[in-house]
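For reference, the structure is listed below as structure tokens.
The values are calculated or read from the model by the stated rules, or taken from the named source; none is laboratory data. If you're wondering where the values come from, they're calculated on a predicted model, not measured in any experiment. Cβ atoms come from the backbone with ideal geometry, glycine included; neighbour counts cover every protein chain shown. With ligands, DNA and RNA removed, areas are computed over all heavy atoms of the protein, side chains included. Shrake-Rupley method; radii C 1.70, N 1.55, O 1.52, S 1.80 Å.
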Amino acid sequence: MAPWRGPSGLAGAGLVLLAMLSRWVMLGRAFYTQDDYLMLARSVDRPITFSFLFQNYSGHLFPGGFLWAWMDARWARMDWERSVPPVVLMWGFACVLAWLVGTRLVGPTWARIVPMVVFCASPISLWSIQWWAVAIQFVPVTCAFLLAVLAHLRWGSDRPRLASACVGLAMLLALAFQERGLLVPVIVGALALALASGSPSERVRTVLRRNLPTWTLTATLGLAYLLIHRALAPIEPGDAPTSNLSLLGNVVFRNALPGLWGGPWVPRFLGHGVSVPPVLAVVLTNAATLALVAWSIRHRGRDATWAWIGFGLVLLANAVLLLGGRTQLGAIFGLIPRYAADLLVPATVLVALLLRPRATTAAPGTRAEQRTLRRPSPLPLLIATAYALSSAVTTAAVLPETLNRLDRSWVGKARAALQADPNVVLYDGAVPGAMMVVWFGDDARASTVLAAVPEHPVFDIPSSRPYRMIDSSGHVVDVTLVEPVKAVPVKRDVCGYHATQTPVRVPLESPVGGEARVLRLGYYSGGQGYATVTYAGRAQQVAVAEGAGSLDLAVSGAADGFDVRLEAASGTLCVVSAVVGLPYPARHS
């Protein structure tokens, strides 16, 4: 079977190129956001070790994702235009695999255009590819799903051991990037049941007997993975069954089904990827699904019945994986498209199975086959066109929400300021929630966002220049100290607080709380040297210059004063002023 032969084969090649080009254009307009920064920050200046690759990332275990991030941190260095091509190229490979799968299931006819358009155009994968940290997991897992399906179609019936080895390797590839790799045997098993013949019991016995090496190997891999996952990245328990049912209902009926039909057209966005579909879109797509089930079973009989049963099994398994790890986030997270995006491959296989011819009508190489290859069938082309238009409407509505314009502007302005003043010392302030949400905690800071940039910004070290910080729009501005508390003045000593090798205590006018603050002190020194400033038990060594000077230090912890000690046995260091305050960015002029 020649998948690229004839006009329909050329059309398939054109679809692959069009899919890559469209992804390149859409992804090229996007930018890093959220987990992208944290994954890159954890990959900078880190050797490839077991603890690095197999780190617990919010209950997830994906060594392949951190390997990709490690390479990107060195190759791209926060240059988005360099991060895009590897994702697009792998997506192109996935499209090639999808065409090969469709060709094997449907045959070398124009009907294979339909599952190909579903795979390439479905907006259900849009968020998962536009978001870099998700894309470097989703796209490899998608390739692994398709490789497993293709291996089963190619060798499952006549060379089961080879098929088993290939499916096992595909499962390992998928598990290296996401827990959804556990779906590999479910997808392959559902496909095997749909392609088998006979009564339900006969189908099950045939599939179990014929592909026993595959089920043995994948079950072993799955069990080993679960044990490793539990040891390295234990999953938190979920919520009550009622919440689970609501989450499941959102994923299936308001997320997956509308998305797989090319919807939900014009959703309402609640932030963080949550897309609420219009009620009409939910009603229409669920009704269309029921109609398609009834029509296909009536006209295709058992073949269609088992195709739907197989898709239902995958849908159920995907829901179980989601319920095992994300129920604590609430039912609304069932409306995040990326949690249903892994159904794209099963849906593509389902469409191909429903279009699968009952019997071969033209022998290979005959004129009849040549006519089949050359003659465009209007119905598949109309279906594909309608699906593409439906997907285009949704994509046009959703795409602006995936571009991360604030991230691009913020990082661009900050980098430009760093290039203009390479010696600036920044106070490590928080970043807007649209860039890193609040549940990132202390990681949601400028130092995380800019960890991989080639300008190598410096944060929170003692500085003889006043600190600057990055405001919510990305400008580097002066630091304003809010709620300032000054040191108690010394009236009878022009030197102020005279520091020697014996620490001198500098009391504050009133105690301060434990929040992160900036200590700004003025001093006079008789010569160059070093001193140690101890605030709330934390000692920081500072360099002092001859004459009058000032220092900014990042401090934290409750305190009613601080200590200063001169490192040299001789010399003069007088602390003449000090103030502690909460750092806020000054207004950009």
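General remarks:
- Pair list, Cβ < 8 Å and 6+ apart or interchain, from the stretch 544-559 residues that are touching a residue at least 40 places away in the same chain (Cβ under 8 Å) and over 22 Å from Gln528 (Cα atoms) to residues that are basic (Lys, Arg) and outside any strand (DSSP E or B): none
- For the condition assigned by the TED database to the domain that holds Gly12, within 30 Å of Glu455 (Cα to Cα) and either among the basic types (Lys, Arg) or open to solvent by 10 Å² or more (accessible area, probe 1.4 Å) (or both), Arg154 does not qualify.
- Under the condition of being among the small types (Gly, Ala, Ser), part of a helix (DSSP H, G or I) and at pLDDT below 75, the residues counted in the stretch 230-258 number 1.
- Residue within the stretch 37-50 that is of a type outside the set (S, T, N, Q), without any contact (Cβ under 8 Å) to a residue 12 or more places away in the chain and outside any helix (DSSP H, G or I) present: yes
- Test: Gly412 is at pLDDT below 95, surrounded by fewer than 18 Cβ atoms within 10 Å (Cβ to Cβ), under 24 Å from Asp478 (Cβ atoms) and within 27 Å of the chain's Cα centre (by Cα): no
- Whichever residue in the stretch 161-209 is part of a loop (DSSP other than H, G, I, E, B) and out of contact with any Gly (no Cβ under 7 Å at 6 or more places or on another chain) and, among such residues, is most open to solvent (accessible area, probe 1.4 Å): Ser197
- Segments classed as helices (runs of 4 or more DSSP H), wholly inside the stretch 55-159, with at least 1 members that are within 15 Å of the chain's Cα centre (by Cα) and among the basic types (Lys, Arg): none
- A Cβ distance below 6 Å, combined with a sequence gap of six or more or placement on separate chains, defines the contacts here; from the stretch 470-487, residues that are outside the structural domain of Leu450 (by the TED database) and without any contact (Cβ under 8 Å) to a residue 12 or more places away in the chain reach no residue that is among the β-branched types (Val, Ile, Thr) and part of a strand (DSSP E or B).
- Here is the figure for the stretch 294-314: residues that are out of contact with any helix residue (DSSP H, G or I) (no Cβ under 6 Å at 6 or more places or on another chain) and either in contact (Cβ under 8 Å) with a residue 60 or more places away in the chain or of a type outside the set (Phe, Trp, Tyr) (or both) total 9.
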